[in-house]
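*Asks:* Sharing a structure with you now.
The values are calculated or read from the model by the stated rules, or taken from the named source; none is laboratory data. Quantities reported herein were computed from a predicted structural model and do not represent experimental measurements. Neighbour counts are summed over all protein chains in view; Cβ atoms, including those assigned to glycine, are modelled from backbone coordinates with ideal geometry. Calculation scope for accessible area: heavy atoms of the full protein, side chains included, ligands and nucleic acids excluded. Shrake-Rupley method; radii C 1.70, N 1.55, O 1.52, S 1.80 Å.
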Amino acid sequence: MNKTGFLYDERYKLHETGHFHPEVPDRLPSVYNGIKKAGLLSKLVQIKACMPEMKWIETVHDKNYIQRFEAACSSGKTIFDSPDNQMCSVTYDTALLAVGGILAAVRQVMDGELNNAFCAVRPPGHHAEINRAMGFCYFNNIAIAARYIQKQWGIERVGIVDFDVHHGNGTQHIFEDDPTVFYYSIHQHPSFAYPGTGREFEYGKNLGYGYTKNSPVLPGQGDTEYKRLMQRDLFPAFAEFKPEVILVSAGFDAHVDDDMSDIKLSTEGFSWIVQKIVEMANTCAHGRLISVLEGGYSLRRLPELARNHVEILLNG
Amino acid sequence: MFVSRSMTRKVITVDQEAYIFEAQELMTRKNIRHLPVVDKANRLIGIVTDRDIRSALPYRFFKESFSETKKEKLSNLSVKDIMSKNPISISPTYTIQDALLVIQDSRVGALPVVDDDGKLTGIISVRDLLRAFTNVLGIGEPGTLLCILVEEKVGQLKKIVDAITKENISFGSVLVARYWDENKRAVFPYLLTQNVAHVKKKLEKLGFTLLDPMQWYLDQLPKHEVTAETPK
C-alpha cells in the first residue's frame, strides 16, 4: 500500500461565493466525508493548510496581479476580474492557503516521505491566467506546483493531466511556450462549454510546440469516448515525454450527474482514468503523483468520487 | 460594419506588364492569392489569382518533353494576358454584409475595394470577413454557448435576455438561427460565464426548451443546397 497524503483543512470552506454559485464550501465536506465514511482517513497521511512563500506564486503570476487580488479582497469587493469570481473578505487568504497546502504536499512527495497525494482545496486553479482571475479560479495551483517542483528539485520534465470537464486555459497558456511541462487536457468540446479554448489543434507555441495536447469530447459522450481518446492522445504522448512527476487537475464535473456539463462519465469511468494515470506515474515517475481538486459540483456524487480517487492512489 | 474598417489597406499590386512568374513568386512570398492589377495612376484595371496562373501553365510545362520554344513562349506571358479585366469590385462604403453577399454570389475569394475615382484603396478577402465574424461570435472571450428553442413570435428574445440579465450574466453575442420547424427559431446566447447551470434551469422553468447540443446547427440544412444542385 502506498503512503498517500491527503490535504484537507476546514479553512478552505471560508471562501464564500454567494447565491446560486456552484463552487460552494459544502463541496469540501462532501469530499472529506466520502473518504472518512469509507474508513480511509487512518490510512492517509493528513496534511494541513499553511501559508506559502510568495516567491513561488510569483513564478506563475505577475506581482501586480497578486497585489490587485489582495487589494480587491481587502477593500470588500465581491467580484474580482469576472462576475464568475465571486469572493468574500478571506478569499485571498484562502487562495494562499490552498497554494501553501499543495506545496507542502508536493514537498513530502518529492522528499520521498509520501508516494502520492490528493489535495482537496478551494478555490480551484486551472482557469487562472498569469494576470487574470477566471472561472472560479484565482491562483493557478497546479502551475505553481509544477514550477516549484522544477525549481526546488531540479526536475526537468513535469506532466500535467487535467480531466476537469472544462479546459484549463490558464495552465495551458502558462506553459504553452515551455517544452519542459507537458499539459494534457480532456474536456467537453469548447464550442459547447466554457471557456472556449482547448481545441484539438492547439499544440503549444514556439519551443513548447508539441507539449500541449487537448482531447475535446462532444456532448453526450462518456466512458467509451474518454477511454478511446486517452489511449489515442495521452498514453503515447506521456510514454514519449517521460514525465518525472505527474500532476493531476482532478475535476469531477464530467460526471453524468453533474449539471455543469453534458458529458456522461460514470463513477467507474473516473476510476479507470485515475487508475491509468497512476500506472503512468508508476512507469515513468517512480509513482510520484500529486492530484489537486478543480471542479466537481454534484454534492451527491463527490463523496464516492473522492473516496475512489484516494483508494486508487493508496493501492497504486 | 463598413468594408473600409475591415479591409487590408496596404494592397500588394502588380503591373500588367509583369511576367506571370513574377506574379506567382510575389504571391508565394507574401502568402496571398489575389493580386489586383493597377495602372500608373493606381486605377484598378484587373485582378490575377494564383489559380489563373496555374491554369495558364499546363502540367506538361514541368516535364522535359515540353519543347523549349513552347516553354519560352509561356515564360513570356505577362499578367495582362491572363488577368480578369474589369473585375468585380466594391466601394469602401459597402458594409460587411454587402461584401459577404457579393462574395457569396460571385464566388470569388477577394474583392478589390475601389473609391469613386476608380482608384484602388484596399482589398477584402474571405479571410478578412471570417475575422470579422469570429469577432461577432464573441468566441475570443471565455464563455458558454446555449441553444434555446423558441416560438416565432414577438417578445421571446426579451424574456430570455431579461432572465439572463437578472442572473447578472453578460452577453458575448446572441445569434438567432432558423430551425427545422418553420414556426420556431433557435436562439444562441453566448454567455460570458462558466456558471450556467442555474440560468439553464430558470429558462426551462419559464417554458423554454434547451436544445441538446448535438442537435445544434447554425446553418440552413445542407440537404437543401445538395438537392438544388443535383441534376434531375
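*Asks:* Return yes when B:Asp50 is touching a helix residue (DSSP H, G or I) at 6+ places or on another chain (Cβ under 6 Å) and modelled with pLDDT of 90 or more and no when it is not. Even if it seems obvious, please write down each step before you answer.
*Replies:* Values: touching a helix residue (DSSP H, G or I) at 6+ places or on another chain (Cβ under 6 Å): yes; modelled with pLDDT of 90 or more: yes.
It is true that B:Asp50 is touching a helix residue (DSSP H, G or I) at 6+ places or on another chain (Cβ under 6 Å) and modelled with pLDDT of 90 or more.
*Asks:* List pairs: first residue in segment A:219-248 and more than 14 Å from every other protein chain (Cβ to nearest Cβ) and within 24 Å of A:Asn116 (Cβ to Cβ), second residue buried (at least 17 other Cβ atoms within 10 Å of the Cβ) and of a type in the set (Phe, Trp, Tyr) anywhere in the structure, Cβ distance under 6 angstrom, at least six positions apart or on different chains.
*Replies:* Listed by first residue and then by second, the contacts come to A:Leu234/A:Tyr184; A:Phe241/A:Phe182.
*Asks:* Take segment B:185-195 and flag every residue that is more than 8 Å from chain A (Cβ to nearest Cβ) and either open to solvent by less than 50 Å² (accessible area, probe 1.4 Å) or at pLDDT 95 or above (or both). Break it down into steps so the answer makes sense when it comes.
*Replies:* Restricting attention to segment B:185-195, the residues satisfying the condition of being more than 8 Å from chain A (Cβ to nearest Cβ) are B:185-191.
Matches in segment B:185-195: B:Ala186, B:Val187, B:Phe188, B:Pro189, B:Tyr190, B:Leu191.
*Asks:* Pick from segment A:191-204 the residues that are touching a strand residue (DSSP E or B) at 6+ places or on another chain (Cβ under 8 Å) and surrounded by fewer than 21 Cβ atoms within 10 Å (Cβ to Cβ): which of them is nearest to the other protein chains (Cβ to nearest Cβ)?
*Replies:* A:Ser191
*Asks:* Is it fair to say A:Thr180 is touching an Asp or Glu at 6+ places or on another chain (Cβ under 8 Å), hydroxyl-bearing (Ser, Thr, Tyr) and more than 21 Å from A:Pro195 (Cβ to Cβ)? Outline the logic, then answer.
*Replies:* On the way: touching an Asp or Glu at 6+ places or on another chain (Cβ under 8 Å): yes; hydroxyl-bearing (Ser, Thr, Tyr): yes; more than 21 Å from A:Pro195 (Cβ to Cβ): yes.
So A:Thr180 fits the description; yes.
*Asks:* For residues in segment A:293-308 being surrounded by 24 or more Cβ atoms within 10 Å (Cβ to Cβ) and under 19 Å from A:Ala105 (Cα atoms), which is farthest from the chain's Cα centre (by Cα)?
*Replies:* Residue satisfying both the conditions and the ranking: A:Ala306.
*Asks:* Further question on the same structure: Evaluate the following for A:His187: is it out of contact with any helix residue (DSSP H, G or I) (no Cβ under 6 Å at 6 or more places or on another chain), surrounded by fewer than 24 Cβ atoms within 10 Å (Cβ to Cβ), within 14 Å of chain B (Cβ to nearest Cβ) and not in a loop (DSSP other than H, G, I, E, B)? It would help to see each step written out before you state the result.
*Replies:* Values: out of contact with any helix residue (DSSP H, G or I) (no Cβ under 6 Å at 6 or more places or on another chain): yes; surrounded by fewer than 24 Cβ atoms within 10 Å (Cβ to Cβ): no; within 14 Å of chain B (Cβ to nearest Cβ): yes; not in a loop (DSSP other than H, G, I, E, B): yes.
Considered against the rule, which asks whether it is out of contact with any helix residue (DSSP H, G or I) (no Cβ under 6 Å at 6 or more places or on another chain), surrounded by fewer than 24 Cβ atoms within 10 Å (Cβ to Cβ), within 14 Å of chain B (Cβ to nearest Cβ) and not in a loop (DSSP other than H, G, I, E, B), A:His187 comes out as no.
*Asks:* Checking the condition in contact with a Gly (Cβ under 7 Å, 6 or more places away or on another chain), open to solvent by 10 Å² or more (accessible area, probe 1.4 Å), more than 27 Å from A:Ile155 (Cβ to Cβ) and part of a loop (DSSP other than H, G, I, E, B), which residue from A:Asp262, A:Asp257 passes?
*Replies:* Answer to the selection: A:Asp262.
*Asks:* Mind counting the residues in segment B:128-176 that are more than 24 Å from B:Gln97 (Cβ to Cβ) and within 10 Å of chain A (Cβ to nearest Cβ)?
*Replies:* Residues meeting the conditions: 8.
*Asks:* Could you please find all residues in segment B:84-101 being more than 18 Å from B:Thr134 (Cα to Cα) and surrounded by 17 or more Cβ atoms within 10 Å (Cβ to Cβ)? Steps first, please.
*Replies:* Step one: of segment B:84-101, the residues more than 18 Å from B:Thr134 (Cα to Cα) are B:84-94.
Once the filter is applied, which keeps residues that are more than 18 Å from B:Thr134 (Cα to Cα) and surrounded by 17 or more Cβ atoms within 10 Å (Cβ to Cβ), segment B:84-101 yields B:Pro87, B:Ser89, B:Ile90, B:Pro92, B:Tyr94.
*Asks:* Still on this structure, I have one more. Does segment A:284-292 contain any residue that is open to solvent by less than 10 Å² (accessible area, probe 1.4 Å) and within 21 Å of A:Gln188 (Cα to Cα)?
*Replies:* There is at least one residue in segment A:284-292 that is open to solvent by less than 10 Å² (accessible area, probe 1.4 Å) and within 21 Å of A:Gln188 (Cα to Cα).
*Asks:* Using the structure shown, decide if A:Val90 is under 21 Å from A:Ser30 (Cα atoms) and either open to solvent by 10 Å² or more (accessible area, probe 1.4 Å) or within 14 Å of chain B (Cβ to nearest Cβ) (or both).
*Replies:* Numbers: under 21 Å from A:Ser30 (Cα atoms): no; either open to solvent by 10 Å² or more (accessible area, probe 1.4 Å) or within 14 Å of chain B (Cβ to nearest Cβ) (or both): yes.
So A:Val90 does not fit the description; no.
*Asks:* How many residues does segment A:10-21 hold that are open to solvent by 10 Å² or more (accessible area, probe 1.4 Å) and either touching a Leu at 6+ places or on another chain (Cβ under 7 Å) or modelled with pLDDT of 95 or more (or both)?
*Replies:* Qualifying residue count for the region: 5.
*Asks:* Let me ask something else about it. Consider A:Gly220 carefully, then state whether it is small (Gly, Ala, Ser), over 28 Å from A:Gln150 (Cβ atoms) and out of contact with any Leu (no Cβ under 9 Å at 6 or more places or on another chain).
*Replies:* Working: small (Gly, Ala, Ser): yes; over 28 Å from A:Gln150 (Cβ atoms): yes; out of contact with any Leu (no Cβ under 9 Å at 6 or more places or on another chain): yes.
The answer is yes for A:Gly220.
*Asks:* I would also like to ask the following. Restricting segment B:1-51 to residues that are in contact with a His (Cβ under 9 Å, 6 or more places away or on another chain) and assigned to a strand (DSSP E or B), which is nearest to B:Asp116 (Cα to Cα)?
*Replies:* Checked segment B:1-51; the qualifying residue nearest to B:Asp116 (Cα to Cα) is B:Ile47.
*Asks:* Scan segment A:135-158 for residues that are among the polar types (S, T, N, Q) and without any contact (Cβ under 8 Å) to a residue 60 or more places away in the chain and jot them down.
*Replies:* Of everything in segment A:135-158, those that are among the polar types (S, T, N, Q) and without any contact (Cβ under 8 Å) to a residue 60 or more places away in the chain turn out to be A:Gln150, A:Gln152.
*Asks:* If a residue must be charged (D, E, K, R), within 14 Å of another protein chain (Cβ to nearest Cβ) and within 14 Å of the chain's Cα centre (by Cα), how many such residues does segment A:130-178 contain? Before you say what the answer is, go through the steps one by one.
*Replies:* Narrowing segment A:130-178 to residues charged (D, E, K, R): A:132, A:147, A:151, A:156-157, A:162, A:164, A:176-178.
So of that shortlist, the ones also within 14 Å of another protein chain (Cβ to nearest Cβ) come out as A:132, A:164.
Of the ones still in play, those that are also within 14 Å of the chain's Cα centre (by Cα) are A:164.
Counting residues in segment A:130-178 that are charged (D, E, K, R), within 14 Å of another protein chain (Cβ to nearest Cβ) and within 14 Å of the chain's Cα centre (by Cα) gives 1.
*Asks:* Then there's this: Against the definition (assigned to a loop (DSSP other than H, G, I, E, B) and of a type in the set (Ser, Thr, Tyr)), how does A:Thr197 come out, yes or no?
*Replies:* Values: assigned to a loop (DSSP other than H, G, I, E, B): yes; of a type in the set (Ser, Thr, Tyr): yes.
Spelling it out, A:Thr197 is indeed assigned to a loop (DSSP other than H, G, I, E, B) and of a type in the set (Ser, Thr, Tyr).
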